[in-house]
Amino acid sequence: MQLSPQQQVAVEHTGSPALVVAGAGSGKTRTLTAKFAHLVDSGISPERILAITFTNKAADEMKRRLTRLTGMNLNRFPWVRTYHSACFQIFKAHSRIMGYQAPIQVFTTYHQQKTIKEVLLALNFDKKHAMGVLGQISNAKNSGHPDAYFDRRPRLGPIRLIVVFERYEGILKHANAVDFDNILLLTRNLLRDHEEIRQHYQNQFDYIVCDEYQDTNDLNEEITALLLKDGNLFAVGDDWQSIYSFRMSNVGHFLSFKQKYRGARIFHLEQNY
């Protein structure tokens, strides 16, 4: 793959965490996939690289590029996934520890709305508040600390959010189910609270590469840190393109990368293609 001098330096950097600041059209995805291929060429098995994206479409495109670059089959890239997909794989493997049984049901948006409406009606609240309550519950989970979130935002109009949240979570657990946000929150709890499982995955992943790093929220960032070993993190993004504020994205993680990760290098891609 032909790279610009700036891209080449970033791809070949090792020994400390790296953040590539890449504006629109500057070859961000090319640089990320080139880094993955470079790691494989240097002797790291592709099965031992966790590559995080934010959409299934982006993950599939990265896999296709990697097959062309490496000549390997798609099944050699099992950990090129979204945050939710990667976390669900981890969670399913250890769900019994968290009180779940296989198979685990994932609530769709329809099931979430239906359940919240039932909870609101049972508490004598108007079901018209369902979407607003669901939004607050999602924000609470993505903050990583639901109880603290509800302490700061205890009500939505007449509704005590913590009461609805606890009933909703009880229904999910009774159904042996999780929702989209639970996948991240429960996986964080699993990795945070069980050292042997955390060490297992730290030892499994020799490297983590992360796309669209400006869109990580506090929970994404904590999960990444829990999985990271020896500072082997390569992230790309553009703080001017943050689009996931509705999922509590925090561009501060992008801006404070060098302060958080000791010895981190920042690379700027300035050539527009």
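Compared with the dominant Cα axis of the chain, that is its longest principal axis, helix 195-204 is turned about 30°. Charges were assigned to the Cβ only: +1 to each Lys and Arg, -1 to each Asp and Glu. The resulting dipole of segment 124-273 about its Cα centre is roughly 540 debye. Remark: the Ala175-Ser42 segment gains 43.3 nm on full extension, using 0.36 nm per residue and subtracting the alpha carbon distance.
Considering Cα pairs under 8 angstrom that are at least six residues apart, work out the relative contact order of segment 126-222 and quote it in whole percent.
31
For segment 1-73, the spread of Cα coordinates along the three principal axes comes to 29, 27, 23 Å, biggest extent given first.
Where is the GNM fluctuation largest for the chain (alpha-carbon springs, 10 angstrom cutoff): Phe254, Phe150, Phe234? Of the options given, Phe150 has the highest mean-square fluctuation. Largest GNM mean-square fluctuation among Ala122, Ala130, Ala51, using the chain with Cα springs under 10 Å: Ala122. Residue ranking by accessible heavy-atom surface, 1.4 Å probe, largest first, among Met98, Met62, Met131 comes out as Met131, Met98, Met62. Considering only Ser143, Tyr201, Thr14, and ranking their Cα positions along the charge dipole of the chain that arises from unit charges at the beta-carbon of Lys, Arg, Asp and Glu, the one farthest toward the positive end is Ser143. Full extension of the chain between Thr29 and Ala122 yields a length gain of 28.6 nm, computed as 0.36 nm times the residue separation minus the alpha carbon distance. Between Gln2 and His194, the simple spin-label model (points 7 angstrom out along Cα→Cβ) gives 5.0 nm. Put a plus charge on the Cβ of each Lys and Arg, a minus charge on the Cβ of each Asp and Glu, and nothing anywhere else: the dipole of the chain about its Cα centre is then about 440 debye. Computed from Cα atoms, the angle from the helix 83-93 axis to the main principal axis of the chain rounds to 70 degrees. Split the accessible area of the chain by element, probe 1.4 Å, and carbon with sulfur accounts for 49%.
Estimate the FRET efficiency between Arg96 and Leu156 by the formula 1/(1 + (r/R0)^6), using the beta-carbon distance for r and 35 Å for R0, to the nearest 0.05. The value I calculate is 0.50. With contacts taken as Cα pairs under 8 Å and at least 6 residues apart, the chain reaches a relative contact order of 32 percent. Along the axis of the charge dipole computed for segment 96-225 (Cβ charges of +1 for Lys and Arg, -1 for Asp and Glu, origin at the Cα centre), the listed residues Leu219, Pro154, Leu123 are led at the positive end by Leu123. Helix 161-174 and the long axis of the chain differ in direction by around 80°, with both axes built from C-alpha atoms.
Give the percent of DSSP beta bridges with both residues in the chain that are antiparallel, rounded to the nearest 5.
Of all bridge pairs located within the chain, approximately 10 percent are antiparallel.
Accessible area per residue for segment 83-194, computed on protein heavy atoms with a 1.4 Å probe, is 49 Å².
Local charge sum around Gln7 (other residues, Cβ-Cβ under 12 Å, Lys/Arg +1, Asp/Glu -1)?
+1
Name the most mobile residue of Arg153, Arg48, Arg65, meaning the one with the largest mean-square fluctuation, in a Gaussian network model of the chain with Cα contacts below 10 Å. Among Arg153, Arg48, Arg65, the largest GNM mean-square fluctuation belongs to Arg153.
Note on His111/Ala264: beta-carbon distance plugged into 1/(1 + (r/R0)^6) with R0 of 45 Å gives a FRET efficiency of 0.65.
An oblate overall shape is assigned to segment 133-273, the ratio a/c of its alpha-carbon gyration tensor axes (a ≥ b ≥ c) being 1.5 or greater and a/b not exceeding b/c.
The values are calculated or read from the model by the stated rules, or taken from the named source; none is laboratory data. Just so you know, these numbers come straight off a predicted model, no measurement behind them. FYI the Cβ positions are ideal-geometry reconstructions off the backbone, even for glycines, and counts take in every protein chain you see. To get the accessible areas, we keep the full protein, side chains included, count just its heavy atoms, and leave off ligands, DNA and RNA. Shrake-Rupley method; radii C 1.70, N 1.55, O 1.52, S 1.80 Å.
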